[in-house]
Amino acid sequence: MKLSEFKFAVEQEFGAGYGGVVVDDLVLDRLGGRTARAALAAGVPAREVWQALCEATDVPLDRRHGPAVREPGAASR
């Protein structure tokens, strides 16, 4: 997952306004107690950050691949 795909997925799942709040303020245990923005800045892959956000916010399993991705790994093809 590219960073642009991550940003698109966040916007589609959470909305333009709330998506920014989720990325900036939600502390994710799975990412060492960092926010999504801090994890990305530290070099954590966007796919891993997206999965942590999905887990923490109970995004349904069928939407965890992102809005433009139909199957795991399809975005990297």
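Readers should treat all values here as calculations from the given coordinates under stated rules, not as data from a laboratory. Given the structure is predicted, the values throughout are model-derived calculations rather than measurements. Heads up, the Cβs are rebuilt from the backbone with ideal geometry, glycines too, and the neighbour counts pull from every protein chain shown.
With the structure loaded, tell me whether residue 66 is surrounded by 12 or more Cβ atoms within 10 Å (Cβ to Cβ) and among the small types (Gly, Ala, Ser) or whether it fails that test. Yes: the conditions hold for residue 66. Restricting to the range 1-60, name every residue that is assigned to a loop (DSSP other than H, G, I, E, B), surrounded by 15 or more Cβ atoms within 10 Å (Cβ to Cβ) and in contact (Cβ under 8 Å) with a residue 40 or more places away in the chain. Listed by number, the residues that qualify are 1, 59.
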